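The values are calculated or read from the model by the stated rules, or taken from the named source; none is laboratory data. The shown structure was predicted, so the numbers you read here are calculated from the model rather than taken from an experiment. Reconstructed Cβ throughout: ideal geometry from the backbone, glycine too, with neighbour counts over all protein chains shown.
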Amino acid sequence: MFDKIKFIKNDDIIFEKNAIQQLKAFLSIENTIEQIIAADPDFFDIDSPEISQIAITPDFHKGTIIPIGTVLLMNGLVIPQAMGKDINCGMRLYTTSVDIDKVEAHLPELEDKIRYIFFEGGRNISMNKVQREAMLREGLIGILDTYSYARDIGLWQYYDAIQEERDINLISENGAFITDRVIGLDSFLGGNNLSYDSQIGTIGGGNHFVEIQCVSRINDARTAKAWGLANKQTVIMIHAGSLMIGQNSNFLMLEALKEIYPQNIAHPENGIYPLPLSEKYKKAWSEFWSLMSNAANFAFANRLFIGLMMKRVFTEVFGSCEFNLLYDAPHNLVWPHEGKFLHRKGACSARGLYQMANTAFSYFGEPVLIPGSMGSKSFIMCGLGNEECLFSASHGAGRKLSRGKAIKEDHAKFTELTKRLKIVTPVDPKRPDIAGRADIIKKWEESIKSEAPYAYKDINSVIKAQTDNQVATVVAEVKPILTIKN
């Protein structure tokens, strides 16, 4: 099986043993497939269902079920657990016309606005059942078709339908996985009247973030100009996913897989279940795609509304300014691919000129947005369409310390980080009523420490491994100015 794996690495990249062990445990799915065929020859519709190819990105590290940074090409089946629970976790990036010096001069005001809008009840995103159904069935196209129900109410004031229609061409899959069903989300849909949505516009926990960044270096002037990037320009990077909607879809998928699993054999030790492309199980197959689409569509919408929240912040602080989408793309999904099924878990698409034909990026290749850890620089890259690497790149630097170990690191490192980077969270440690609460401050510090740069691999090495392997080229480097964490 290991002969099917392409490790995207060089001498500077070392993969941890626990991640390799987890990968080996996952690959026992091939034993599961053999046992299923012996017990139920009609389970699969093809003679040789298999993992056809695997790519491992340089940020590879242990995950919950499957290592993060694993890309799989499957023949005759999909493995829903191989995209994780945070379905369509992904990246969105905006360019602005605001000079970074102006941003740095207004940091206190920006922090106050951000904390109010993100964490103190200022989101004000109203939707009704028609809008939520359209969003879950048709993603950003559904939102565009139904936005008039809430036109000019709350955050919808910043939704420019003409601009959003153009932006659909700057989003992977046009921001829509079309399905005719919404499954298991009746309580989320609500009623016919407009009501405040408590989930949409939420960053999520862990390594998710929103960041105000400065373009610190242009590496490819031609592509940067075409993409609207310039030195000392302010950009907004968003890393967020499907929240509880994805969790719900993942749970329902797993329950369906357990139901169709042959009852006369033991369930897989690794807890990983295949879903066959099979006429016999076409109901489960159809439900999987609808469940994935519901969650993926919500995630696209979630990143859109987080972007509108930042547009409101910039408009209120700086007045009228350009706020333009560069690209939005998923990390965790399953795609049909030339008769097979491409799975990504913590990896982003890096398609080249050929794959991006007839899109806004047909002369350059796909934008690849790779964030560093909190406090370190990030990279805007251009995909080269490397088939051996399954057209995939890393989705970040990758952890080298567990959250528990990172929390125990030298406190001086934490102090240095908070001095050089503005970090906005739901907790404001400067507030008098919080500053005196040692228990709250301790938890706040631990949440920052768990995601600090020293918990992650060196982003420069991770990027170099990908340029060395012809995965993508660097267009620009960006450095963090202010980070928003949940």
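Can you pull out every residue in the stretch 202-248 that is modelled with pLDDT under 95 and among the small types (G, A, S)?
Once the filter is applied, which keeps residues that are modelled with pLDDT under 95 and among the small types (G, A, S), the stretch 202-248 yields G204, G205, G206.
Take the stretch 334-370 and flag every residue that is basic (K, R) and under 24 Å from A19 (Cα atoms).
At the first step, the residues of the stretch 334-370 found to be basic (K, R) are 340, 344-345, 351.
Across the stretch 334-370, the qualifying residues are R344, K345.
Looking only at residues in the stretch 245-281 that are of a type in the set (V, I, T) and not in a helix (DSSP H, G or I), which one is surrounded by the most Cβ atoms within 10 Å (Cβ to Cβ)?
Ranking the candidates gives I272 first.
Does S378 count as at pLDDT 95 or above, under 15 Å from N88 (Cα atoms), of a type in the set (S, T, N, Q) and crowded, with 23+ Cβ neighbours inside 10 Å?
Values: at pLDDT 95 or above: yes; under 15 Å from N88 (Cα atoms): no; of a type in the set (S, T, N, Q): yes; crowded, with 23+ Cβ neighbours inside 10 Å: yes.
No; evaluated as a whole, the condition is false for this residue.
Please state which one of K443, K405, K430, K413 is of a type in the set (K, R), in contact with a Lys or Arg (Cβ under 9 Å, 6 or more places away or on another chain) and either part of a helix (DSSP H, G or I) or surrounded by fewer than 18 Cβ atoms within 10 Å (Cβ to Cβ) (or both).
Values: K443 fails: in contact with a Lys or Arg (Cβ under 9 Å, 6 or more places away or on another chain); K405 fails: in contact with a Lys or Arg (Cβ under 9 Å, 6 or more places away or on another chain); K430 fails: in contact with a Lys or Arg (Cβ under 9 Å, 6 or more places away or on another chain).
When all the criteria are applied, what remains is K413.
With of a type in the set (G, A, S), surrounded by 21 or more Cβ atoms within 10 Å (Cβ to Cβ) and touching a Pro at 6+ places or on another chain (Cβ under 8 Å) as the only criterion, which of A465, A472, A435 stands out?
A465 is the lone residue from the list that is of a type in the set (G, A, S), surrounded by 21 or more Cβ atoms within 10 Å (Cβ to Cβ) and touching a Pro at 6+ places or on another chain (Cβ under 8 Å).
Do we have A38 as loosely packed, with under 15 Cβ neighbours inside 10 Å and either in a helix (DSSP H, G or I) or on the phi > 0 side of the Ramachandran plot (or both) here?
Yes: the conditions hold for A38.
For the structure I just gave you, tell me whether S187 is in a helix (DSSP H, G or I), hydroxyl-bearing (S, T, Y) and surrounded by fewer than 20 Cβ atoms within 10 Å (Cβ to Cβ). First the steps, then the outcome.
On the way: in a helix (DSSP H, G or I): yes; hydroxyl-bearing (S, T, Y): yes; surrounded by fewer than 20 Cβ atoms within 10 Å (Cβ to Cβ): yes.
So S187 passes the test.
Among the candidates R132, R181, single out the residue that is among the basic types (K, R), crowded, with 20+ Cβ neighbours inside 10 Å and either under 30 Å from I370 (Cα atoms) or in contact (Cβ under 8 Å) with a residue 12 or more places away in the chain (or both).
On inspection, the qualifying residue turns out to be R132.
Which of the residues that make up the stretch 190-244 are of a type in the set (A, V, I, L, M), in contact with a strand residue (DSSP E or B) (Cβ under 7 Å, 6 or more places away or on another chain) and assigned to a helix (DSSP H, G or I)?
Residue satisfying the conditions is A224 alone.
Cβ-Cβ distance below 7 Å, separation of 6 or more or different chains: which pairs start in the stretch 196-221 with a residue that is closer than 27 Å to A105 by Cα and end on one that is of a type in the set (K, R) and assigned to a strand (DSSP E or B)?
Qualifying pairs under 7 Å: Q213/K479; C214/K479; S216/K479.
One line per residue, one yes/no per condition, for (1) in contact with a Leu (Cβ under 8 Å, 6 or more places away or on another chain); (2) surrounded by fewer than 17 Cβ atoms within 10 Å (Cβ to Cβ); (3) on the phi > 0 side of the Ramachandran plot; (4) not aromatic (F, W, Y):
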| position | (1), (2), (3), (4) |
| --- | --- |
| K9 | no, no, no, yes |
| F26 | no, no, no, no |
| F44 | yes, no, no, no |
| T57 | no, no, no, yes |
| K85 | no, no, no, yes |
| C89 | no, no, no, yes |
